[in-house]
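One structure is given below, encoded as structure tokens.
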Amino acid sequence: MSKKNGKPSLLDEFKTFINKGNAMALAVGTIIGGAFSNITKSVTNDLIMPVVNIFMGGTDFSELKFELPRIVPVYQDVLNEAGEVIGQEYVPHYLTYGNFISAVINFLIMAMVVFFIVKAMNTLTEAASRKEREAAEAAAAAAAAAAAEEAAKNPPAPTSEELLAEIRDLLKNK
């Protein structure tokens, strides 16, 4: 606790956060996610893209690019074997959209995997809650049946009004 205002210090709050299971689960998830990202990239680059490249006429997606217009040309020095400048050459700039396409495919694969994991978890959670609900309904039905059976065995005692009405009826008949 902070000595100034009685509130927990930043360090105390951080210790509490770190010691919670959620923080550790988040850390483990991050590490596993990073490893899974490498697997997804490998699946995309090593398995999917070569097949796509076959249908694209052997085009390598990482080589797909578009040269940007020479609005502000950039030149670099050309050196000979002695390291002397012998001229300049234009340095082209490219928009490499093939890498972007690979990144989109990676994203879609990861999104699909996460979707299926979340869907499976939701299905399991729903099944568990349905079983709990059915068990609670069965217990309530059993309790209601037991209460009805008990009520049938032991009829309730007559109320004061019922006793007075019965006495009145008996006095009328005399």
(message) At R0 = 25 Å, how high is the FRET efficiency between PHE116 and ALA27 if r is their beta carbon distance? Nearest 0.05 is fine.
(response) 0.60
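Give me the Å³ per residue figure for the convex hull around the C-alpha atoms of the stretch 1-59.
Enclosed volume per residue, from the Cα hull, is 104 Å³.
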(request) Give a quick list of trypsin sites (Lys or Arg not before Pro) in the stretch 55-145 that DSSP marks as loop, anything other than H, G, I, E or B, with at most 12 other Cβ atoms within 10 Å. (result) ARG70
(message) Under 28 Å between alpha carbons: how many lysine pairs meet that in the stretch 1-158, if sequence neighbours fewer than 8 apart on the same chain are excluded?
(response) 10
(request) For the chain, with a Gaussian network of springs between Cα atoms less than 10 Å apart, report the residue from PRO158, PRO69, PRO92 with the top mean-square fluctuation. (result) PRO158
(request) Any chance you could get the radius of gyration and Dmax over the Cα atoms of the stretch 105-174, in Å? (result) 29.6, 99
(request) Under a 10 Å cutoff between Cα atoms, tell me which one of ASN19, ASN99, ASN45 has the largest fluctuation in the Gaussian network model of the chain. (result) ASN19
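At 222 nm, what helix-only mean residue ellipticity would the chain give, in deg cm²/dmol to the nearest 500, using -39500 (n - 2.57) for each DSSP H run of four or more?
Helix contribution divided over all residues of the chain: -22000 deg cm²/dmol.
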(message) Can you list which of the DSSP-assigned H helices in the chain have a Cα extent of 15 Å or more along the long axis and an average Kyte-Doolittle score of at least -0.5?
(response) 21-42, 97-153, 160-173
(message) For Kirkwood radius over Cα pairs in Å, pick the label among (1) 18.7; (2) 20.1; (3) 26.5 that corresponds to the value derived from the coordinates.
(response) (3)
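Where a number appears in this text, it was derived from the coordinates with a stated rule and is not lab data. All figures in this text were calculated on a predicted structure; none of them were measured in a lab. Don't worry about glycine lacking a Cβ; one is built from the backbone with ideal geometry, like all the others, and counts go over all protein chains shown.
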